[in-house]
Amino acid sequence: FRPTSRSEARARLNLDRQRRYVLFPYAPSRIVKRVDLARDAISQLRADGLDVELLVVSGASPEQMPLYYNAADVMALVSDSEGSPTALKEALACNLPVVARDVGDVAEIVGGLSSVAICDAGVDSVAGNLKAMLALSNGQCPPSRPHMQRYGGELIARQIEAVYERVRRRGGAGTILGARYPTGSRRQGRSGPSEGNRS
């Protein structure tokens, strides 16, 4: 997930080069994602005279998604709830501005980025923030990709590796739910090592 040419991305996806696109990268059937709110906001913008379309993307492959992020002008994240939204990180890694509700760890992820506008659950708030971000999306927003480097796979892998190294230096003892168990021991009732791999 990295920035590429918007015109090239739109050409590959057969999208209009002049229209404004608000990306909604979720299945409409997922009620918690609030496609109804996004659609109502787009209808309000169109009533105000903007040539804007909600680009609903569901079921695209991971290889295709960077094209959509780079083809769009803004992404809408208007869910009622989230954990740590992957789509937000992917969008910002592609320098795509975002209008988002303050759900899950959105505030922590964006950390005051000017390319992210925080809205509430009202249609007026979503539409107003989309309009403002659309006005800034033509290269006027500072790039958000540098802010996303902390979520890069290489950095995360190094952090995980460091955790294992700290455990190794403790002489092979591990910590399970706050209790320490020497290497080779088993908790009472545990039938085998495979249980530890269940999610």
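The numbered conditions (1) open to solvent by 60 Å² or more (accessible area, probe 1.4 Å); (2) at pLDDT 60 or above; (3) assigned to a loop (DSSP other than H, G, I, E, B) are all true for residue 139 except (2). Looking only at segment 11-39, filter to residues that are under 20 Å from residue 77 (Cβ atoms) and open to solvent by 80 Å² or more (accessible area, probe 1.4 Å); which one of those is nearest to the chain's Cα centre (by Cα)? So, considering only residues that are under 20 Å from residue 77 (Cβ atoms) and open to solvent by 80 Å² or more (accessible area, probe 1.4 Å), the one nearest to the chain's Cα centre (by Cα) is 30. Take the conditions (1) under 14 Å from residue 127 (Cα atoms); (2) open to solvent by less than 50 Å² (accessible area, probe 1.4 Å); (3) assigned to a helix (DSSP H, G or I); residue 46 misses just one of them, which is (2). Taken as a whole, the condition of being over 18 Å from residue 134 (Cα atoms), modelled with pLDDT under 95 and in contact with a helix residue (DSSP H, G or I) (Cβ under 8 Å, 6 or more places away or on another chain) does not apply to residue 108. Of the helices (runs of 4 or more DSSP H) lying entirely inside segment 59-130, those containing at least 1 residues that are open to solvent by less than 30 Å² (accessible area, probe 1.4 Å) and of a type in the set (Phe, Trp, Tyr) span 65-71. Considering only segment 4-25, state which residues are more than 10 Å from residue 71 (Cα to Cα) and modelled with pLDDT under 90. Result: no residue meets the conditions.
Among the residues of segment 12-22, are any in a strand (DSSP E or B) and within 20 Å of residue 122 (Cα to Cα)? Looking for residues that are in a strand (DSSP E or B) and within 20 Å of residue 122 (Cα to Cα), one finds at least one in segment 12-22, hence yes. With respect to the conditions (1) free of Cβ contacts under 8 Å to residues at least 60 places away in the same chain; (2) closer than 20 Å to residue 9 by Cβ, residue 69 falls short on a single one, namely (1). Please tell me if residue 37 is modelled with pLDDT of 95 or more and part of a strand (DSSP E or B). Spelling it out, it is not the case that residue 37 is modelled with pLDDT of 95 or more and part of a strand (DSSP E or B).
The values are calculated or read from the model by the stated rules, or taken from the named source; none is laboratory data. Just so it is clear, the structure is predicted and the values come from calculations on it, not from any experiment. Cβ coordinates were reconstructed from backbone atoms using ideal geometry, including for glycine residues, and neighbour counts include every protein chain displayed. Only protein heavy atoms, including side chains, enter the accessible area calculation; ligands, DNA and RNA are left aside. Shrake-Rupley method; radii C 1.70, N 1.55, O 1.52, S 1.80 Å.
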